[in-house]
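The values are calculated or read from the model by the stated rules, or taken from the named source; none is laboratory data. Bear in mind that the values here come from a model prediction, so they are computed numbers and not experimental data. Every residue, glycine among them, receives a Cβ derived from its backbone with ideal geometry; neighbour counts consider all protein chains shown. Please note that ligands, DNA and RNA were not included when accessible areas were found on the heavy atoms of the full protein model with its side chains. Shrake-Rupley method; radii C 1.70, N 1.55, O 1.52, S 1.80 Å.
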Amino acid sequence: TVAETPMMIRDLLGIVCAELVTSRTMGALLTQFSDGNRSDRRLAMEIVASLGDPAVEPLVRFIIDERSLAGRQCAGEVLSWMGPAAVKALMERLRDAKPAQVLAVLEVVEQLGQEAVSQAVALSASHANPQVRAEATKLVRRARTAVVPGLRRSIEEGSPQARQLALRMATELKLADVAEEALKLLESTEAPDDIRACCRYLGSVRMRAA
């Protein structure tokens, strides 16, 4: 696999492939993520990964726009191989994405690591679209540990809607991990909605501890 290829050989492969791969060829490779058999998918994934930076933008577009979940999962795996900068490019695109595109990313973001999950929750938890918010809640349930940093940031730095949604998620899941942030907010806020959200959350955590 690409991960097992010596670094010098991998770099040379990337240079050669970058010279040979056109946008049409890239499209054909990405199509294998969705339509190819197991061996063809793996080969296409390794070739795309070997391209390095030039492959990041096509991968991001594919994850956002592709209908096939299997295809998006393959693209997400390849993007994770390419390091934090590649994952960051997807998170940045998420800020201006349409609801359907955000949903497509939320389905595969767990493959990209804890930081990506945390960022995705922070970006989608207060989304205007209710379906996106619901999927963000499901993501929190699936990846409790990974989303805690995002919930903390939302409570500390987010808009009123983001704060209250983060507290609601933590309440539903009885996550004691954000109790310190909730207490600080309760001490500093005069907003009735914030106060109610903090009290509900802290009450749920205390009941569980009891």
- Tell me which of these T145 doesn't satisfy, since it passes every other one: (1) open to solvent by 30 Å² or more (accessible area, probe 1.4 Å); (2) over 25 Å from E180 (Cβ atoms); (3) not basic (K, R). (2)
- How do the pairs read when you match residues in segment 147-170 that are assigned to a helix (DSSP H, G or I) with residues anywhere that are among the hydroxyl-bearing types (S, T, Y) and surrounded by fewer than 24 Cβ atoms within 10 Å (Cβ to Cβ), using Cβ under 6 Å and keeping only pairs 6 or more apart or on different chains? V147/S118; P149/S118; G150/S118; Q161/S126; A162/S126; L165/S126; M169/T137
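Is it the case, given these coordinates, that E110 is in a helix (DSSP H, G or I) and within 10 Å of the chain's Cα centre (by Cα)?
Values: in a helix (DSSP H, G or I): yes; within 10 Å of the chain's Cα centre (by Cα): yes.
Criteria met by E110.
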- Message: So, in segment 67-86, exactly how many residues are buried (at least 22 other Cβ atoms within 10 Å of the Cβ) and not small (G, A, S)?
- Response: 4
- Task: Considering every residue within segment 170-179, establish whether at least one is acidic (D, E), modelled with pLDDT of 85 or more, surrounded by fewer than 23 Cβ atoms within 10 Å (Cβ to Cβ) and over 16 Å from the mean Cα position of the chain (by Cα).
- Result: yes
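Given the residues P58, P99, which is the only one that is more than 15 Å from S34 (Cα to Cα) and either open to solvent by 20 Å² or more (accessible area, probe 1.4 Å) or not charged (D, E, K, R) (or both)?
Values: P58 fails: more than 15 Å from S34 (Cα to Cα).
Just a single option satisfies the conditions, and that option is P99.
Got a sec? Which of V102, V56 is in contact (Cβ under 8 Å) with a residue 12 or more places away in the chain and either in a loop (DSSP other than H, G, I, E, B) or in contact with a Leu (Cβ under 7 Å, 6 or more places away or on another chain) (or both)? Break it down stepwise before answering.
Working: V56 fails: either in a loop (DSSP other than H, G, I, E, B) or in contact with a Leu (Cβ under 7 Å, 6 or more places away or on another chain) (or both).
Among V102, V56, only V102 is in contact (Cβ under 8 Å) with a residue 12 or more places away in the chain and either in a loop (DSSP other than H, G, I, E, B) or in contact with a Leu (Cβ under 7 Å, 6 or more places away or on another chain) (or both).
May I ask you to list the residues in segment 37-48 that are farther than 16 Å from G76 by Cβ and either surrounded by 13 or more Cβ atoms within 10 Å (Cβ to Cβ) or of a type in the set (F, W, Y) (or both)? Steps first, please.
From segment 37-48, those farther than 16 Å from G76 by Cβ are 37-40, 43, 47; that's our starting set.
If the condition is that a residue be farther than 16 Å from G76 by Cβ and either surrounded by 13 or more Cβ atoms within 10 Å (Cβ to Cβ) or of a type in the set (F, W, Y) (or both), then D40, L43, I47 are the ones that fit.
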- Note on the structure: Note on segment 182-204: residues assigned to a helix (DSSP H, G or I) and among the hydroxyl-bearing types (S, T, Y) are S188, Y201, S204
- Item | Tally, over segment 184-207, of residues that are surrounded by 14 or more Cβ atoms within 10 Å (Cβ to Cβ), at pLDDT below 90 and not polar (S, T, N, Q) | 1
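Given T25, T31, which one is of a type in the set (S, T, Y), at pLDDT 90 or above and more than 30 Å from L167 (Cβ to Cβ)? Give the derivation first.
Details: T25 fails: at pLDDT 90 or above.
Matching residue, one of T25, T31: T31.
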